[in-house]
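Enquirer: Okay, here's the structure, questions in a sec.
The values are calculated or read from the model by the stated rules, or taken from the named source; none is laboratory data. Owing to the predicted nature of the structure, the values given are computational and were not obtained by experimental measurement. We place every Cβ from the backbone using ideal geometry, glycine too, and count neighbours over all the protein chains shown. Note: accessible area is taken over every heavy atom of the protein model, side chains too, but ligands, DNA and RNA are not part of it. Shrake-Rupley method; radii C 1.70, N 1.55, O 1.52, S 1.80 Å.
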Amino acid sequence: MNSRRPFVIGIAGGTGSGKSTVADAVLAAALPERVAVLPMDNYYKDQSDLPFEERIRVNYDHPAAFDLELYLAHIAQLRQGRSVEMPLYSFEEYTRLKETIRVEPAPVVVLEGILVLFDERLRELMDLRIFVDADADVRFIRRLQRDILERGRTVESVVEQYMERVRPMHLSFVEPSKRYADVIIPHGGKNSAALDMLTARIHSLLTAGGVA
Ligand code: ADP
Ligand code: C5P
Ligand code: MG
């Protein structure tokens, strides 16, 4: 690790758009120690003091659901070349886990989450702002399948949460943040033409004249 500060990439987009898929592609494009990924989902506030019945009713699509101060502090630490103990989050338990995972500083830092382009302080830390775009019906179908398979949800709970909280917050906070993107990746996270361009950029950053 040299003293040059890392190149910070923000990846925003609606739920089910393919943000995590794009972040995985960036990671796969380089040696793992060259890219540090900080999903904003891991920085949901710790709700372990609330009973489960209340935790499932929290609005997880509002900016207030996130521990933004901790997220900003950890990004600052990585930018200073120091490792962080990243919290881990359980979508099944609706709260932070006791365990953390150490993230080492790296020449490329990826910030990924529905609201990473919403807050000005986060935007100012980024060298490249990406918004992953996909039609709302496609995003909803992906979310329904994923939440049932991977997040322990029922059809009824996904539909109710989507109509009550996810959709209105998307329209109020996520979609308007698209205006701050430098690059919009259409058709979700498996757009190979866009991913090829992004990974080529990462390669050039990590080699001559970049942040290697
Ligand atoms: P996000 O993190 O934005 O919610 P994910 O990356 O988890 O979205 O993608 C949601 C689901 O959709 C995953 O199962 C992923 O494999 C799938 N997916 C993402 N992009 C595409 C795409 N372009 N075509 C088909 N499936 C996709
Ligand atoms: O990966 P994705 O962008 O879909 O993750 C963000 C979504 O996770 C939000 O839309 C939020 O509704 C959902 N979420 C949830 N349950 C939690 C925390 C977040 O369904 N406990
Ligand atoms: Mg995701």
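Enquirer: Could you check the spin-label model distance between Glu124 and Asn59? Points 7 Å from the Cα along Cα→Cβ, value in nm.
Expert: The answer from the label model is 2.6 nm.
Enquirer: How much mean residue ellipticity at 222 nm does the chain get from its helices, if each DSSP H run of length 4 or more adds -39500 (n - 2.57) and you divide by all residues, to the nearest 500 deg cm²/dmol?
Expert: On the way: 7 runs with 69 residues, N = 212.
Dividing the helical sum by the residues of the chain leaves -9500 deg cm²/dmol.
Enquirer: Given Leu149, Tyr180, His203, which one lies farthest toward the positive end of the charge dipole of the chain, if we put +1 on the Cβ of every Lys and Arg and -1 on the Cβ of every Asp and Glu?
Expert: His203
Enquirer: Multiply the residue gap between Arg179 and Glu104 by 0.36 nm, knock off their C-alpha separation, and tell me the result in nm, one decimal place.
Expert: Difference between extended and current length: 23.9 nm.
Enquirer: About the Cα centre of the chain, how large is the charge dipole given +1 on each Lys and Arg Cβ and -1 on each Asp and Glu Cβ? Please answer in debye to the nearest 20. Don't jump to the answer; show the numbers that get you there.
Expert: Details: 27 positive and 31 negative charges, 126 e Å.
The calculation lands at about 600 debye.
Enquirer: Now for a different question. May I ask you to give the solvent-accessible area per residue for the chain, in square angstrom, as obtained with a 1.4 angstrom probe?
Expert: Values: 10610 Å² over 212 residues.
Solvent-accessible surface per residue comes out at 50 Å².
Enquirer: Return the sequence-ordered ³J(HN,Hα) values of the stretch 170-175 in whole Hz as given by the Karplus equation 6.51 cos²θ - 1.76 cosθ + 1.60 applied to θ = phi - 60°, using x for Gly and Pro.
Expert: Result, rounded to whole Hz: 4, 5, 7, 10, 7, 4.
Enquirer: So if each residue of separation counts as 0.36 nm, and I subtract the Cα-Cα distance between Asp24 and Val155, what length gain in nm does that give?
Expert: 44.5 nm
Enquirer: Springs between alpha-carbon pairs under 10 angstrom, Gaussian network model over the chain: which of Val22, Val155, Val58 fluctuates most?
Expert: Val155
Enquirer: In the stretch 1-38, which trypsin sites (Lys or Arg not before Pro) fall in coil by DSSP and have 14 or fewer other Cβ atoms within 10 Å?
Expert: Arg4
Enquirer: Still on this structure: Give, in nm to one decimal, the length gained when the segment between Ile141 and Arg82 is fully stretched (0.36 nm per residue of separation minus the Cα-Cα distance).
Expert: Numbers: separation 59, 0.36 × 59 = 21.24 nm, distance 3.95 nm.
Extra length available between Ile141 and Arg82 comes to 17.3 nm.
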